[in-house]
Amino acid sequence: MKGTVEGRLCEEFSPGYYGLCTIGGMLSAGTTHLAITPFDVLKVHMQVNPVKYNGISSGLSTLWKEQGPSSLWRGWSGKLFGYGVQGGFKFGLYEYFKKLYSDVLVDPNRSAIFFVSSASAQVFADVALCPFEAVKVRVQTQPSFAKGLADGFPKLYASEGLSGYMSR
């Protein structure tokens, strides 16, 4: 490739570089959050009903006995895709903002640039995550609401409009 350093897939701060960072963020965040879905399901139930779900072992056991083993994976698509999108925004935009702020600031303090870049990317990442979380929480706590994102997104929109996507 023209303009690349030998051994690299693309030039740093090029569109391809931002794309690779975004894909890396999507894969890393999406898969790690997917792996802990049973604990997330339990956490949400503990928040909604702390008396019934008052510990990790007893809470997981209660979910398993009352709702079956598949209940531990309820909302998995929101975890995979929602946190995938959040991770993509976080990793890709962090690199974008790092370059932007480095070019704009006259006397760049690297630590300050890293901090502000991270904070800026996180704002966009969390806003992108909100619609997925709104559906996921309803799927986890209201089993009759929807089976996942595919039927949950339109159902949430029909019942609450756009504002429903920004509530957790």
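Residue pairs whose Cβ atoms lie under 7 Å apart, separated by 6 or more positions or on different chains, with the first residue in region 86-115 and over 27 Å from L129 (Cβ atoms) and the second part of a helix (DSSP H, G or I), are L105/I113; P108/S102. Of the residues G30, G59, G75, the single one that is closer than 19 Å to D126 by Cβ, open to solvent by less than 30 Å² (accessible area, probe 1.4 Å) and at pLDDT 95 or above is G30. Restricted to region 127-147, and to residues that are open to solvent by 10 Å² or more (accessible area, probe 1.4 Å) and among the basic types (K, R), which residue is farthest from L162 (Cα to Cα)? If we take residues in region 127-147 being open to solvent by 10 Å² or more (accessible area, probe 1.4 Å) and among the basic types (K, R), then K147 is farthest from L162 (Cα to Cα).
Residues that are within 25 Å of the chain's Cα centre (by Cα), under 28 Å from A158 (Cα atoms) and open to solvent by 70 Å² or more (accessible area, probe 1.4 Å): does region 82-89 have at least one? So far as region 82-89 goes, yes, one or more of its residues are within 25 Å of the chain's Cα centre (by Cα), under 28 Å from A158 (Cα atoms) and open to solvent by 70 Å² or more (accessible area, probe 1.4 Å). For beta carbons closer than 8 Å, sequence separation of 6+ or different chains, a first residue in region 140-151 that is assigned to a helix (DSSP H, G or I) and a second that is surrounded by fewer than 16 Cβ atoms within 10 Å (Cβ to Cβ), the qualifying pairs are T141/V48.
The values are calculated or read from the model by the stated rules, or taken from the named source; none is laboratory data. Please read these numbers as outputs of a predicted model, since none were measured by experiment. In this analysis, Cβ positions are derived from the backbone assuming ideal geometry, glycine residues included, and neighbour counts consider all displayed protein chains. Calculation scope for accessible area: heavy atoms of the full protein, side chains included, ligands and nucleic acids excluded. Shrake-Rupley method; radii C 1.70, N 1.55, O 1.52, S 1.80 Å.
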